[in-house]
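What follows is a set of notes on a single structure, which appears directly below.
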Amino acid sequence: MSDDGTRDNQRPGGELPHSLRQQLDALLESTLAGQQAIPRFDEFCAEVSGIFDAAAESRGGDVATYIPELACVDPERFGLALCTVDGQRFARGDATVPFCLQSTYKPIGYCIALEEHGEDVVHRYVGREPSGRGFNELTLDHEGRPHNPMINAGAIMCCALTRPDLDPAGRFKYVQSRWREVAGGARVGFDNAVYLSERETGDRNFALGYFMREKKGFPPDTDLMETLDLYFQCCSLELDAQGVAVAAATLAGGGVCPVTGKRVLEPRTVQNCLSLMSSCGMYDFSGEFAFSIGLPAKSGVSGALMIVVPNVLGICTWSPRLDRLGNSVRGVEFCRALVQRFAFHTYDNLRGLDKKRDPRRRALESWSELATLLGQFAED
Ligand code: GLN
């Protein structure tokens with residue numbers, strides 16, 4: 001300011017002094033680092049690595065056998081990948097070994113149906129209430145709808161709502177391409193052996209389909225066999241933990257893929273999806289998971305687990321041994337340890353709680369913090 005109180009627009013000429021330049025560089029660097037979702041990423045990953053190693057010790061549970069081909073997987077496999085909403089990535093173990101998605105397909109299947117028809121239409125056909133029952137239980141809600149899109153009946157219904165205007169090949173290719181988008185261009189394969197095996201033995205899913213048809217639950221002109229076939233194909237889509245972590249990060253980022261920077265899902269779609277992952281994503285362990293871990297997640301009987309820390313990062317663990325409810329034993333252990341260490345539980349920031357470590361970006365919170373920062377410039 002000049003003496004008369006008006007702003008002095010004159011800038012000193014010439015180059016900045018060396019010492020000031022160095023300080024500004026350092027400040028800029030720390031400010032930019034502070035802009036990242038997880039500023040001290042290496043430190044964070046070192047701790048996550050320790051959690052991975054501890055979970056790897058666990059050998060509880062059994063691989064799924066009710067789909068015969070799933071029993072062929074090596075039970076020792078364990079992969080972990082994470083991706084922040086700004087694209088920082090980390091992986092351990094079998095993170096590049098492909099596995100079939102099984103029920104981790106369901107959140108994106110629900111998003112696809114939502115974007116095609118809108119929330120009102122989709123929820124005419126499928127509820128949004130936890131069932132409190134097993135994922136393939138022969139049960140519908142009191143209106144004759146599947147309880148939610150995260151269990152088999154609801155996912156079959158979402159398949160019925162997925163591009164019925166296309167032929168079967170077109171429908172499959174459409175789903176595959178949507179997955180490729182949310183996973184940042186990752187290779188989305190198909191496990192034909194699992195598909196054939198499940199189609200051969202999937203009586204329960206056929207029963208669910210007939211049950212819903214009996215209740216007149218499907219949209220007009222639904223071809224039941226084509227719908228079930230699409231459902232089996234979706235469950236047999238194949239990605240690795242790296243790709244699923246990017247898909248989870250796309251959900252964490254409100255629909256923007258951190259790898260491509262493209263918006264691939266609408267924020268409202270993602271909000272709905274995360275809400276149902278929080279309440280229904282872990283089968284009839286969902287209430288316990290919401291209570292003790294407090295994050296939206298989705299598991300699959302291949303041992304995959306997709307976990308979302310909204311606005312921060314997406315995680316995928318893959319370990320085929322399951323507990324009696326169908327969730328990956330190591331995956332759930334990993335999540336427990338993660339939220340013990342870091343303040344990621346949805347309600348960890350409640351006032352009065354003991355503070356856990358919070359690795360995410362901290363914004364400037366007060367005028368005095370801003371003044372301190374600016375003071376560093378003023379001193380020179
Ligand atoms: N394809 C499996 C089934 O229909 C999916 C179940 C799961 O992963 N929970 O039984």
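The values are calculated or read from the model by the stated rules, or taken from the named source; none is laboratory data. These numbers were taken from a predicted model, which means no experiment stands behind them. Cβ placement follows ideal geometry from the backbone for every residue including glycine, while neighbour counts extend to all protein chains displayed.
A few points about this structure:
- Set Asn152, Asn136: member being under 18 Å from Phe232 (Cβ atoms), buried (at least 21 other Cβ atoms within 10 Å of the Cβ), within 16 Å of the ligand (Cβ to nearest atom) and polar (S, T, N, Q): Asn152
- Every residue from region 285-322 that is small (Gly, Ala, Ser) and in contact with a His (Cβ under 7 Å, 6 or more places away or on another chain): Gly294
- Residues of region 107-121 satisfying the condition of being touching an Asp or Glu at 6+ places or on another chain (Cβ under 9 Å) and surrounded by fewer than 21 Cβ atoms within 10 Å (Cβ to Cβ): Glu115
- Of the numbered criteria (1) away from the ligand (no atom under 14 Å from the Cβ); (2) buried (at least 24 other Cβ atoms within 10 Å of the Cβ); (3) of a type in the set (Val, Ile, Thr), the one Thr104 fails is (1).
- Residues in region 155-171 that are assigned to a helix (DSSP H, G or I) and either at pLDDT below 95 or more than 16 Å from the ligand (Cβ to nearest atom) (or both): Pro168, Ala169, Gly170, Arg171.
- Residue match in region 310-318 (condition: among the hydrophobic types (A, V, I, L, M, F, W, C), farther than 18 Å from Gly154 by Cα and surrounded by fewer than 24 Cβ atoms within 10 Å (Cβ to Cβ)): yes
- Scoring Ala55 on the criteria (1) part of a helix (DSSP H, G or I); (2) modelled with pLDDT under 70 leaves a single failure, condition (2).
- Selection within region 300-318 - within 14 Å of the ligand (Cβ to nearest atom) and either without any contact (Cβ under 8 Å) to a residue 40 or more places away in the chain or not in a strand (DSSP E or B) (or both): Gly300, Val301, Ser302, Gly303
- Odd one out for Phe334, checked against (1) surrounded by 23 or more Cβ atoms within 10 Å (Cβ to Cβ); (2) within 16 Å of the ligand (Cβ to nearest atom); (3) in a helix (DSSP H, G or I): (2)
- Test: residue in region 109-130 that is within 16 Å of the ligand (Cβ to nearest atom), closer than 23 Å to Gly189 by Cα and either at pLDDT 95 or above or in contact with a helix residue (DSSP H, G or I) (Cβ under 6 Å, 6 or more places away or on another chain) (or both): yes
- 2 or more residues within 12 Å of the ligand (Cβ to nearest atom): qualifying helices (runs of 4 or more DSSP H) within region 172-264: 192-201, 203-214, 224-235
- Inside region 291-306, residues that are touching a helix residue (DSSP H, G or I) at 6+ places or on another chain (Cβ under 6 Å) and more than 15 Å from Tyr110 (Cβ to Cβ) make up a count of 5.
- Scan region 58-89 for residues that are within 16 Å of the ligand (Cβ to nearest atom) and either over 30 Å from Thr201 (Cα atoms) or assigned to a strand (DSSP E or B) (or both) and the total you get is 1.
- Being outside any helix (DSSP H, G or I), more than 16 Å from the ligand (Cβ to nearest atom) and crowded, with 21+ Cβ neighbours inside 10 Å is a property that Arg145 has.
- If only residues of region 284-299 that are of a type in the set (Ser, Thr, Tyr) and not in a strand (DSSP E or B) are counted, the one that is farthest from Ala55 (Cα to Cα) is Ser286.
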